[in-house]
Amino acid sequence: MNMRLIIVFFLATVVVYGCGPNRMYNYGSYSNTLYDYRKDSTNENLLNHIKEMENIVVSSGEDGKRVPPGLFGEMGYMYLKNNDKNKAVEYFNREKELYPESVILMDRMIKTIANES
């Protein structure tokens with residue numbers, strides 16, 4: 001009887017902790033601000049979306065989670081839309097550092113910015 005109780009407790013523990021939300025990335029309110037920006041592409045909504053992405057970066061570091069893939073790249077693109085080329089290049093480089101698989105695209109974006117100058 002004692003061994004059955006141990007097995008049941010072990011299985012219950014595995015189920016409870018295995019099915020709980022253990023996300024690798026922090027997305028914050030990304031979906032909401034992106035939706036607002038796509039629905040109404042005002043400069044205010046663009047700045048709100050950028051601010052939310054910056055909050056995600058900060059809170060990811062505080063929570064010990066990784067910044068979601070593509071977030072730095074999108075931040076760079078949003079800064080580019082807001083005519084801040086230096087900040088755009090900075091975030092494209094951060095994307096390359098964190099996710100090396102994005103090097104080709106990020107280098108292409110940086111090269112495009114350099115050719116426009």
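Read-outs throughout are calculated quantities, based only on the coordinates presented, and are distinct from any laboratory measurement. Just so it is clear, the structure is predicted and the values come from calculations on it, not from any experiment. Neighbour counts run over all protein chains shown; Cβ positions are idealised from the backbone, glycine included.
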* Give a quick list of trypsin sites (Lys or Arg not before Pro) in segment 22-67 that DSSP marks as loop, anything other than H, G, I, E or B, with at most 14 other Cβ atoms within 10 Å. => Arg23
* Structure fact -> Restricting to lysines and to Cα separations under 23 Å from Lys85, and discarding same-chain partners fewer than 8 apart, the set is Lys51, Lys96, Lys111
* Cα-based shape type of segment 25-116, given that a ≥ b ≥ c are square roots of the gyration tensor eigenvalues and the cut on a/c is 1.5 -> oblate
* To do: Using R₀ = 41 Å, calculate the FRET efficiency as 1/(1 + (r/R₀)^6) where r is the Cβ-Cβ separation of Lys111 and Asn32; round to 0.05.
  => 0.80
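Taking 8 Å as the Cα distance limit and 6 or more residues as the minimum spacing, I'd like the relative contact order of segment 25-116 as a percentage.
Contact order relative to length: 22 percent.
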